[in-house]
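Let me begin by presenting the structure, written as structure tokens, before commenting on it.
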Amino acid sequence: MILRLSLLLIAVCSLGAEPAVEGDWPRWRGPFDNGVARGDAPTSWSDTDNIAWKAEVPGRGHSSPVIWGDRIFLTTAIAADGGAELSEQTLLVLAYDRKTGKKLWEQAAVRETPHEGYHRTYGSFASGSPVTDGSVLIAFFGSRGVYAYSLDGEMLWKKDFPELSMRNAFGEGVAPVLHGDTLLLTFDHEGEDWMLALDKKTGKQLWRVDRDQPSGWAPPLVIEHGGKTQAIVAAPSTVVSYDISSGDIIWQCAGLGLNTIPAPVYDGKRVFVMSGFRDPNLLAIDLDGATGDLTGTDKILWTNQRGNSYTPSPVLHDGILYMLTDNGMLSALDAETGKPHYQQQRLPKPYRFKSSLVAAEGKLYMATEDGDVVIVKMGPEYEVIATNTIADEFFIATPAIADGEIYLRGKNTLYCIR
């Protein structure tokens, strides 16, 4: 285990990327913010084989599990009145024992009747994954507030926000981001938009910047580059990099299409942002000396319009950018040039995807809406390693991987595969 971890850290550092944060899977995109796990993960399971435990998750929620030490954290929403979408909702934060699946605690963050619904198939009132750094657990419910807890479930502080109006009532669900003592929250919708930096210990506002964007769901990516700690937010009108200490704009760049959802990724020199809906585009942006408006400049190293992810966030590892369309076509692009190793490769059968890509020990994991998890060998050649099925399941949440285990959140069940 120690050897595998050391080799993985060396590989990441060789790319010049940001070092991993502490914790096994403390945030939605994992400890490296690129979907890659520490250590290995299983390659074979079924309804009965290699399932270490199953835990019931009440209500409806598509947030992904996050892991710290011996605990797993989730959010969910429980509807009154038989589950009607716009009935009163109880928004829960839950903690489970990582080894046994026993529920350790649950806290009702808020009970509220929503002003707006969500996408009937893919939405929920608990879609934004929580985040932790071992000292605080943050659950962000958009219009319904942000809530900070100790890892034992004690509420530390909370903060309310105005109502958001999302495009086509698709629903809210941007993941919160922690960097040091700074908590970053974005609010891009069909009204006035803004971004907040809060003190994670108290909820006190550190800064606020106004934004002018349509609805978006991509969380900020925090990196340190060229001596500057910056938060990069992908959005349809403009990709913007903010100085995390002040909220001042470092650089900006236009070029993405509507409904920007995938999280940005970074390889130590370039940041990759993409959209996959209307006017799809992928921008590989050179960050060395990047300031001001980069639109149309040589800082845009390459672009791509084929096979871009609409919903799933990509994985970036060992110089290859992996991305997946909602209808199940996988691409692997050279991160330096944009040249495809393979592009729009169909998987073993037709699938639908909303879950994001994750990876471990040279293997790429794709959790489908059909209860399958397809595993592909990472590298320039496309090769399917395995397809594992849990019958009658539906995966929207992104898997979490830690210490040779994979955690899958289904419709109403959390699975530990070991």
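Quick note: the coordinates plus some simple rules give every number you see, no bench work behind them. Since this is a predicted model, take the numbers as computed values, not measurements. Methodologically, a virtual Cβ is constructed for each residue, glycine included, from the backbone with ideal geometry; neighbour enumeration extends over all protein chains shown.
Tabulated data for the structure shown
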| item | result |
| --- | --- |
| Residue match in the range 248-265 (condition: in contact (Cβ under 8 Å) with a residue 12 or more places away in the chain, in contact with a strand residue (DSSP E or B) (Cβ under 6 Å, 6 or more places away or on another chain) and among the aromatic types (Phe, Trp, Tyr)) | yes |
| Failed item in (1) over 21 Å from the mean Cα position of the chain (by Cα); (2) farther than 23 Å from residue 270 by Cβ; (3) among the aliphatic types (A, V, I, L, M), with residue 249 passing the rest | (2) |
| Residues of the range 142-192 satisfying the condition of being acidic (Asp, Glu) and under 18 Å from the mean Cα position of the chain (by Cα) | 172, 188 |
| Total residues in the range 355-375, condition farther than 15 Å from residue 47 by Cα, surrounded by fewer than 22 Cβ atoms within 10 Å (Cβ to Cβ) and in contact with an Asp or Glu (Cβ under 7 Å, 6 or more places away or on another chain) | 1 |
